[in-house]
Amino acid sequence: MADVESVLRHSAELLQPDLPAFTEGVVAQVRAVSAYYGDPLSPPPDLMRSALTAFDAFVAGLIAPHRAAESGDYAWAVGDRCGRDGIPLQALLDAYHIGKTGLWDALVALVVRDSPGRVATMAYAASDVWRRVDADIALVVEAHRRALVQLPSGADRRHWPMLQALLRGHLDPAHISALGLPRHGRYAVVLLRGPGVRPLQAELGYEVRNGLELYWCPQDDGVAIVVLLGDRPLTALGALIPVGPHTRGGISAVVTGLAELGRARHLAELALGACPADGELAQVGDRLARAFALTRPDLAGDFADQVLGPVLELRPADRDELLTTLAAWLDCDGSTRRVGERLYCHRNTVLNRLRRLEALTGHRLAHPRDVVDLAMALEAQRVSAPPDAEAGA
């Protein structure tokens with residue numbers, strides 16, 4: 001037993017100075033294999049710092065037995081924090097297994113390098129190391145479980161951690177079960193962003209408006225609202241969600257269960273990106289052309305150049321005049337009279353601009369397929385244009 005403790009202390013002392021570099025390698029591996037920790041859109045914060053603290057506590061316990069409890073204490077704190085933050089338990093366990101396996105491999109490699117005569121003793125030390133690992137993981141699981149079912153301050157906010165995980169697309173069965181909402185049902189997601197989004201108050205955790213159940217959930221850059229629609233149409237949301245003068249909103253399409261909330265959030269993101277102005281709430285189904293362009297802005301730019309290329313090469317004032325007229329013509333259902341009223345110009349001026357647009361693009365507004373191309377290209381140009389060009393258009 002003394003030999004086992006000695007060889008573990010020796011290998012841990014060798015590893016301790018190199019823990020930052022070792023941790024960087026482990027974190028890179030975790031990000032490479034974990035859908036949650038490797039998410040490029042919303043990477044979990046402080047993963048490097050948290051992993052380094054965990055390794056430091058574990059190694060310290062190998063060097064000084066009186067510090068062995070520090071690793072378990074930190075494991076409990078990690079499980080509790082991740083449960084409250086809605087981090088999927090499976091993702092957390094995968095990270096722990098990768099980290100502890102890497103740690104054991106590093107300890108063995110150091111003994112092989114510096115003390116090859118003690119390699120046989122390391123075989124006996126394996127059971128001690130993995131006993132400590134299993135104890136830490138058990139603490140992580142229990143702390144995560146307790147945090148998941150414990151109500152945060154304000155009972156109406158108990159759904160926040162689970163919804164945050166589901167909105168990221170992480171389908172941990174524990175989150176779905178603990179949420180208490182129907183697993184199958186008609187749901188939609190609304191995203192609100194902008195300086196006008198007021199801080200989420202406790203009373204906004206959950207509410208019923210006009211028969212619709214709204215579950216408010218804070219996000220890093222705004223607010224998400226998960227709506228249980230029941231048999232109500234999606235159009236009922238427009239008048240229920242407050243959108244201030246410095247706020248924009250996006251509404252997803254209807255999805256049919258909690259497992260699809262991640263997809264609904266993505267659709268709400270597309271609708272939000274297609275929202276034309278502050279103070280408005282865009283529905284993805286009403287802005288499909290721009291939503292399609294947002295999914296592939298590189299192809300959107302190519303398509304805009306292909307259809308509108310000669311127009312985009314004009315002087316900025318002429319370009320903006322033609323694009324603004326085309327947009328107004330589409331919004332006014334092809335009525336040149338209404339376009340003239342909107343743009344404060346004579347109907348004949350509108351007709352002349354449209355004829356020039358047709359001559360430059362080779363697309364005829366009397367041909368439905370050409371109108372579809374022009375409408376799609378206009379949205380694509382808005383997505384792919386530089387800020388100054390888009391502002392002008």
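Taken together, the values in this text are just the output of simple stated rules run on the coordinates, not laboratory data. Note that this is a predicted model, so its numbers are computed, not measured. All Cβ positions, glycine included, derive from the backbone under ideal geometry; neighbour counts span all protein chains shown.
Modelled spin-label separation between Arg146 and Val119, with each label point placed 7 Å from Cα along the Cα-to-Cβ direction: 4.4 nm.
Backbone phi angles across segment 245-257, fed through the Karplus curve with coefficients 6.51, -1.76 and 1.60 (θ = phi - 60°), yield HN-Hα couplings of x, 10, 9, 10, x, x, 10, 6, 6, 6, 10, 10, x Hz in residue order; Gly and Pro are listed as x. Amide hydrogen proximity for Gln219: with H placed 1.01 Å from N in the peptide plane, the residues at 5 or more positions away or on another chain lying under 5 Å are Ala224.
Between Ala28 and Thr101, full extension at 0.36 nm per residue minus the direct alpha carbon distance yields a gain of 24.9 nm. One decimal place: the segment Ala259-Ala359 gains 31.0 nm when fully extended, by the rule 0.36 nm per residue minus the C-alpha distance. Computed from phi, the 3J(HN,Hα) profile of segment 118-130 under the Karplus parametrisation 6.51, -1.76, 1.60 (θ = phi - 60°) reads 9, 4, 4, 5, 4, 4, 6, 6, 4, 5, 5, 4, 6 Hz, with x in place of Gly and Pro. Cβ-to-Cβ counts within 10 Å put Glu341, Glu321 in ascending order as Glu341, Glu321, the fewest first. Each residue in Tyr124, Tyr206, Tyr344, Tyr36 was given a count of other beta-carbon atoms within 10 angstrom of its own, and listing them fewest first yields Tyr344, Tyr124, Tyr206, Tyr36. Extension gain, Leu351 to Ala35: 0.36 nm times the residue separation minus the Cα-Cα distance gives 108.4 nm.
Cβ-to-Cβ counts within 10 Å put Thr235, Thr247, Thr324 in ascending order as Thr235, Thr324, Thr247, the fewest first.
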